[in-house]
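Take a look at the structure below.
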Amino acid sequence: MDSVSSSSSSLIQNSVPTSSSSIFGNYPLLSALIAFALAQSSKFFTSWYKERQWDAKQLIGSGGMPSSHSATVTALAVAIGFQDGFGGSVFATAMILACVVMYDAFGVRLHAGRQAEVLNQIVYELPDEHPLADTRPLRELLGHTPTQVIAGGLLGFATAAIAHLINKAGSQA
């Protein structure tokens, strides 16, 4: 009976947030947000380097190199693995989520973007009197190439690993 009540109280104590816990101490969440910010800002600066003009849409838009979706979910999964262990169910859930998001990025969303290109070209070639001639163009940059997804995943992994080292050094100090 004592071992049951002891393990129950231990479980309750470990699941109740302490007064020192806050969103700023949530290392997996911060890793994911930092990876997202790094990926999106790198698109912003890459766009400027290629086109010699600033495009603020790159800070919030989808598509491009590297995949911010992949960076975000990979950083989240890896950070959870570092924090809670790679054998747990929370890591498994985050890893499956990451795989689904990355597959979607270079699968469904990439092909939807390519279809949008074809549809825009068809509408562009319609005669002016056609009812669809003045249709607003569809967004073409929706998905990612496999290389962009892999680059995002590597960025996410590196972000989580560096954040883990910083978190570990901070907790030892």
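Taken over the range 22-41, the criterion of being farther than 14 Å from I162 by Cβ, buried (at least 19 other Cβ atoms within 10 Å of the Cβ) and of a type in the set (S, T, N, Q) is satisfied by Q40 alone. D104 meets the conditions (1) modelled with pLDDT under 75; (2) closer than 15 Å to G152 by Cα; (3) charged (D, E, K, R) in every case but one. The failed one is (1). Output the number of residues of the range 47-91 satisfying the condition of being surrounded by 15 or more Cβ atoms within 10 Å (Cβ to Cβ) and either modelled with pLDDT of 90 or more or under 19 Å from the mean Cα position of the chain (by Cα) (or both). The total comes to 25.
The values are calculated or read from the model by the stated rules, or taken from the named source; none is laboratory data. What you are looking at is a predicted structure, and each value in this text was computed from that prediction instead of being measured. Glycine also receives a Cβ, built like all others from the backbone with ideal geometry; neighbour counts cover every protein chain displayed.
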